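Trainee: What follows is a single structure, and I will ask about it in a moment.
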Amino acid sequence: MNIANERFLSAKQIQGEFLKAPGRDAYKDTTEGQGSFGDILGRMQNEVSQGNEIRFSKHAEARLATRDITLDDTQMDRLQDGVAKASMKGIKESLLIMDKLAFIVNVPSATVVTALDSTTGNEQVFTNIDGAVIV
């Protein structure tokens, strides 16, 4: 083979041709021009925290009523923030501890499954959770 008569492309030329090929838009940087990593992360945190408003299952509502637990707006905001943090960590079933209260929350649906206060029994064992958040 006579190398002097053959035309070889450099790796940079091949890369340029490959990226120009039709259907290659998937390799574009989708975050280009959207700010720093911190800016993008902050926006994503806000979307997560505002995306799912906290709901209470019927069981949780009954537990709140029988245990005479009421939550003010500040506590609801803290609970919402805790669910957002759990979601960002990939937690599906979370124990959220706030003040002297504990909540079991299904994070993907942002639903409080049950609620406990510090006066509920001496022994408190939490099962079927994959993470805990203290707010």
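A short reminder: the numbers here are calculations on the coordinates, not readings from a lab. All of these numbers come straight from a predicted model, not from anything done at the bench. Cβ coordinates were reconstructed from backbone atoms using ideal geometry, including for glycine residues, and neighbour counts include every protein chain displayed.
Trainee: When the chain is fully extended, how far beyond the present Cα-Cα distance does D81 get from T66, taking 0.36 nm per residue of separation?
Mentor: Here the segment from D81 to T66 would lengthen by 2.9 nm.
Trainee: While we're here: What chymotrypsin sites (Phe, Trp or Tyr not before Pro) does the range 51-135 have in DSSP loop regions with at most 14 other beta carbons within 10 Å?
Mentor: Details: sites: F56, F103, F126; in loops: F126.
Listed in order of number, the matching sites are F126.
Trainee: Extension gain N106-E123, at 0.36 nm per residue separation less the Cα-Cα distance, in nm?
Mentor: Additional length available on full extension: 3.9 nm.
Trainee: Find, among the trypsin sites (Lys or Arg not before Pro) in the range 48-105, those assigned to loop by DSSP (not H, G, I, E, B) with at most 12 other beta-carbon atoms within 10 angstrom. The partial results should precede the final answer.
Mentor: Numbers: sites: R55, K58, R63, R67, R78, K85, K89, K92, K100; in loops: R67, K89, K92, K100.
Those that pass, being in a loop and sparsely packed, are K89, K100.
Trainee: Under a point spin-label approximation (7 Å from Cα along Cα-to-Cβ), what is the A132-A11 distance to one decimal in nm?
Mentor: Distance between the two pseudo-spin positions: 5.0 nm.
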